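**Q** This structure is in structure tokens; I'll ask about it shortly.
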Amino acid sequence: MIELLQGLLLLAGSLFMFVAALGIVRLPDLLTRMHASTKGASLGVMLLMAGVALHFLEEVVFARTIAITFFVLMTAPVAAHAIGRAGYFVGIELWKGTSKDELRPNYNPLSHRLHSGLKKTARGAETDAPNDGGSESGKGGSDTRA
Amino acid sequence: MQILTHLSFAILSVSMVLCFVRMVIGPSLPDRVVALELLSMIIVGIIGIHALQSDETSFLDVAIVVALMSFLATIGFARFLERGGRRDD
């Protein structure tokens, strides 16, 4: 009985990993690829480690597998956030079917500045001119887009 | 049980091949970094199944170290991309 459960966990974990790898090949741009790979791979590692823990049934192995699972669950979103942010700032092209990019109108790629729409409506047109350009753009541009 | 273990190995190996495909054809550097991260996740899974198959619990420590290294590598690549530097996609 426990062997059957363990085999099912192993199979499900590797199938989720396979779905993640398939998504990373088939999907059209960086952000959709990350959406496939991060979630699929972390769920796959979780299921595989649950299968390993069921096979050994020792406290030491439980501690290690829980450590691996916890570590993967902690680090995968952080890593995905970091690489997605870096990819957007580097200027990858999004999929042509992307319907919403809320960062595009509020982000100035030359000065690497983000200004919120809320602030603009509250304080009116006076904040427009100093915010995006002038002396700031040259320095910021050479700093971040080298 | 043996059959299921071998089947999992086979599926994970096919996934590794797909990751390599993306690493080769990936149009930009962030795509390759994402493929590299997924590849190390798959390696963690393979190490887990190998520990199960060989009844050797100390392989799980290797899996922890591989997961740690992959996180550090991804963060390093992200910092490198964001701070700028010569890129040759």
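**Q** Name the single residue that is nearest to the other protein chains (Cβ to nearest Cβ) among those in the stretch B:55-74 being of a type in the set (Ser, Thr, Tyr) and not in a helix (DSSP H, G or I).
**A** Residues of the stretch B:55-74 of a type in the set (Ser, Thr, Tyr): B:57-58, B:70, B:74.
Right, trim to not in a helix (DSSP H, G or I) and you get B:57-58.
On the way: B:57: 5, B:58: 9 Å.
Only one residue fits best here, namely B:57.
**Q** If I ask for residues that are crowded, with 16+ Cβ neighbours inside 10 Å and more than 9 Å from chain B (Cβ to nearest Cβ), which ones from the stretch A:48-83 would you list?
**A** Taking the stretch A:48-83 and keeping what is crowded, with 16+ Cβ neighbours inside 10 Å, we get A:48-56, A:61, A:64-65, A:67-69, A:71-72, A:75-76, A:79-80, A:82-83.
Result: A:50, A:53, A:54, A:69.
**Q** Right, here's the next one. From the residues in the stretch B:8-27 that are at the interface with another protein chain (Cβ under 7 Å from one of its Cβ atoms) and surrounded by fewer than 18 Cβ atoms within 10 Å (Cβ to Cβ), which one is nearest to residue A:48 (Cα to Cα)?
**A** If we filter the stretch B:8-27 for residues that are at the interface with another protein chain (Cβ under 7 Å from one of its Cβ atoms), which is where we start, we get B:8, B:11-12, B:14-15, B:18-19, B:21-22.
Of the ones still in play, those that are also surrounded by fewer than 18 Cβ atoms within 10 Å (Cβ to Cβ) are B:14, B:21.
Working: B:14: 16, B:21: 24 Å.
The selected residue is B:14.
**Q** Hey, another quick one. Can you tell me which residues in the stretch A:113-133 are at pLDDT below 75 and surrounded by 10 or more Cβ atoms within 10 Å (Cβ to Cβ)?
**A** Selection gives A:117, A:119, A:120, A:123, A:127, A:128, A:130, A:131, A:132, A:133.
**Q** Among the residues of the stretch A:22-47, what is the count of those that are in contact (Cβ under 8 Å) with a residue 40 or more places away in the chain and surrounded by fewer than 21 Cβ atoms within 10 Å (Cβ to Cβ)?
**A** The number of residues fulfilling the criteria is 4.
**Q** Going residue by residue through the stretch B:31-54, is there one that turns out to be at the interface with chain A (Cβ under 7 Å from one of its Cβ atoms), more than 12 Å from the chain's Cα centre (by Cα) and farther than 19 Å from residue A:67 by Cβ?
**A** The initial filter retains those residues of the stretch B:31-54 that are at the interface with chain A (Cβ under 7 Å from one of its Cβ atoms), namely B:31, B:33-35, B:37-38, B:41-42, B:44-45, B:48-49, B:51-52.
Pick out the ones that are also more than 12 Å from the chain's Cα centre (by Cα) and you get B:31, B:48-49, B:51-52.
Those still in the list that are farther than 19 Å from residue A:67 by Cβ too: B:31.
Within the stretch B:31-54 (the criterion being at the interface with chain A (Cβ under 7 Å from one of its Cβ atoms), more than 12 Å from the chain's Cα centre (by Cα) and farther than 19 Å from residue A:67 by Cβ), the answer is yes, since at least one residue qualifies.
**Q** Among the residues of the stretch B:4-15, write down those that are among the hydrophobic types (A, V, I, L, M, F, W, C) and within 18 Å of residue A:27 (Cβ to Cβ).
**A** Let us first name the residues in the stretch B:4-15 that are among the hydrophobic types (A, V, I, L, M, F, W, C), namely B:4, B:7, B:9-12, B:14.
Selection gives B:14 alone.
**Q** Another question, then. Only one residue in A:15, A:4, A:11, A:47 is out of contact with any helix residue (DSSP H, G or I) (no Cβ under 8 Å at 6 or more places or on another chain) and farther than 22 Å from residue B:73 by Cβ, so which one is that?
**A** Numbers: A:15 fails: out of contact with any helix residue (DSSP H, G or I) (no Cβ under 8 Å at 6 or more places or on another chain); A:11 fails: out of contact with any helix residue (DSSP H, G or I) (no Cβ under 8 Å at 6 or more places or on another chain); A:47 fails: out of contact with any helix residue (DSSP H, G or I) (no Cβ under 8 Å at 6 or more places or on another chain).
After ruling out the rest, the residue left standing is A:4.
**Q** Another question about this same structure. Taking only pairs six or more apart or across chains, which ones have beta-carbon atoms under 6 Å, a first residue in the stretch A:1-21 that is facing another protein chain (nearest Cβ under 7 Å), and a second residue that is β-branched (Val, Ile, Thr) and crowded, with 18+ Cβ neighbours inside 10 Å?
**A** If the second residue must be β-branched (Val, Ile, Thr) and crowded, with 18+ Cβ neighbours inside 10 Å, the pairs left are A:14/B:11; A:17/B:42; A:18/B:11.
The values are calculated or read from the model by the stated rules, or taken from the named source; none is laboratory data. Since the model is a prediction, treat every value here as computed from it, not as a measurement. With ideal geometry, Cβ positions are generated from the backbone for all residues, glycine too; neighbour counts draw on all protein chains shown.
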